[in-house]
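Q: Please see the structure below; I have some questions.
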Amino acid sequence: MMICKEAIEHLHEFLDNELDVGNYSEIKQHIDMCHNCCEKFEFEQALKKIIKDKTPHYKTPQHLLQSIASRWAEMDEEYNRTETPALELKRWRIRGIYDFFTLRPAYVTVAVLLPMTIIGLAAYLSFFRPAEFPPIVKVAAERHDSFVNDNMRLDLVSSDRNEIRRHFENLQRSNLAIDIPEFNGREMKLLGCKNSSLAGEKSAYVGLSGNHNKISLEIVNGSGMNINKLNHELFKGRLYYFGKHKGYNVVLWRHGNTLYSLTSTMNRRDLMRVASESIP
Amino acid sequence: MGESAGREDKTREFESAALEHIDSLFNVGMRMTGNREAAEDLVQETYLKVHRFSHTFKEGSNLKAWLFKILRNTFINTFRKKIREPKEIHYNDAEDLYLFNKIKTVKESDDHLSGGITNVYEFFEDEVTNAINKLPLAFKEVVLYSDIEELSYEEISEIIGCPIGTVKSRLFRARRLLQKSLWNYANERGYLKEK
């Protein structure tokens with residue numbers, strides 16, 4: 001049995017004829033029996049009717065109908081005129097251009113983001129992808145090879161050590177903290193320097209010239225690079241790692257947190273001597 | 001040739017079907033804009049769009065709702081109006097059947113008001129128009145669609161682009177507001193005084 005509250009809840013839907021047959025007849029039954037609800041429903045129904053009846057109903061003015069009819073005729077005429085093939089082609093071409101250079105926000109966003117994503121992905125893959133680096137000895141030897149054959153461009157071509165030190169100090173801002181070693185040996189001459197990278201670590205490259213040979217010095221600061229697998233030898237109290245590639249000898253050592261490498265055609269012992277005498 | 005003539009017949013048929021509803025559109029246009037000139041412009045613009053976009057009308061769907069939808073969008077675009085439901089400050093169930101409860105209270109304390117409770121409607125006449133016109137746009141339109149044009153909830157939902165539940169709650173709130181407004185008119189006139 002339906003209670004009054006339920007009936008009143010559906011009052012609007014009932015009067016608006018929005019109830020399905022089952023609900024409708026259930027409420028109808030209730031209203032027929034309940035005087036209170038009946039009064040309310042009749043009131044609301046009458047009010048609904050009053051609202052409709054007391055709202056003036058306007059007749060569409062004749063001139064508006066005529067105006068619409070004539071505008072429609074104009075539009076039809078225009079449409080038929082533009083339907084000829086030549087004009088159709090022209091219209092298509094204009095629309096084509098505007099369609100192509102559309103400024104819809106969604107398209108603009110895609111047009112901007114897509115290249116950025118592709119470039120970003122390419123940059124990530126080519127620079128940041130963790131890759132297997134070739135053995136450090138090989139890298140050092142090949143770089144020295146291009147230095148020897150004058151194929152390497154040095155950013156700073158100077159024999160002034162202070163200038164080189166200043167150069168690398170500037171580079172400190174880009175995480176390259178370099179301590180330029182002092183060269184005691186007179187036979188050693190600075191040729192220039194550049195910032196570089198050695199086996200994935202930023203490094204400072206210094207080109208030197210000895211009496212008869214060119215020598216490459218690379219300095220990597222704070223490198224945790226593992227060189228322990230290389231052969232090593234104790235010379236004058238310092239442990240040197242060494243290797244050979246393309247006929248160049250490479251000697252590496254650690255000093256504090258810094259990794260040094262010297263590369264030259266000189267034999268290993270001479271390189272270690274240069275290292276121990278010239279670079280404290 | 002025959003096919004093209006057939007299509008033309010179909011277009012004519014569609015156009016005359018669309019024009020059958022022009023009085024309804026004009027009346028809603030009058031209420032929404034508040035003046036005759038603007039209503040005429042609005043209806044004309046609407047029918048130009050109807051003509052231009054007649055091919056987008058899906059055969060078998062509700063033509064009247066489609067027309068009202070175009071009218072509504074044209075209104076919003078032309079008058080840069082936003083049709084948003086006003087936030088309700090507070091609402092309690094006692095406000096349902098507002099007018100009924102008020103009138104019943106008055107009747108019970110005044111013997112001069114004879115006859116059935118619905119007779120008191122003789123007191124309102126032109127106020128109905130003003131009461132509707134005073135409603136916020138979002139309420140006004142649902143009252144017009146439902147009470148004047150007698151469209152179904154589903155049709156209204158299609159026109160205003162809201163779910164049926166929203167149509168219902170908005171319509172019921174609109175009617176409540178309308179009843180309050182009608183009561184104020186009756187009270188102002190002094191025919192019905194609250195004791």
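Q: Compute the distance in nm between two label points, each set 7 Å from the Cα along the Cα-to-Cβ direction, one at A:E9 and one at A:T82.
A: 5.5 nm
Q: Of A:M33, A:A46, A:H10, which is farthest along the charge dipole of the stretch A:4-47 in the positive direction, counting Lys and Arg as +1 and Asp and Glu as -1 at C-beta?
A: A:M33
Q: Determine the sum of side-chain charges near B:G161: Lys and Arg each +1, Asp and Glu each -1, restricted to other residues whose C-beta is under 11 angstrom from that of B:G161.
A: Numbers: positive: B:K69, B:R72; negative: B:E158.
Cβ neighbours under 11 Å give a net charge of +1.
Q: May I ask for log10 I(q)/I(0) of the stretch A:203-280 at q = 0.17, 0.21 Å⁻¹, from a Debye sum over the Cα atoms as equal point scatterers with solvent left out?
A: Per q value, in the given order, log10 I(q)/I(0) is -0.61, -0.96.
Q: Give the residue from A:H232, A:G210, A:S158 lying farthest towards the positive end of the charge dipole for the stretch A:136-278; charges sit on Cβ (+1 for Lys and Arg, -1 for Asp and Glu) and the dipole is referred to the Cα centre.
A: The listed residue farthest towards the positive side: A:H232.
Q: Please give the residues of the stretch B:125-139, grouped as numeric ranges, whose backbone N is less than 17 Å from a label point set 7 Å along the Cα-to-Cβ vector of B:K81.
A: Answer for this model: B:129-139.
Coordinate-derived values only; no laboratory data. Only a predicted model underlies this, so the values are computations on that prediction, with no experimental measurement involved. Methodologically, a virtual Cβ is constructed for each residue, glycine included, from the backbone with ideal geometry; neighbour enumeration extends over all protein chains shown.
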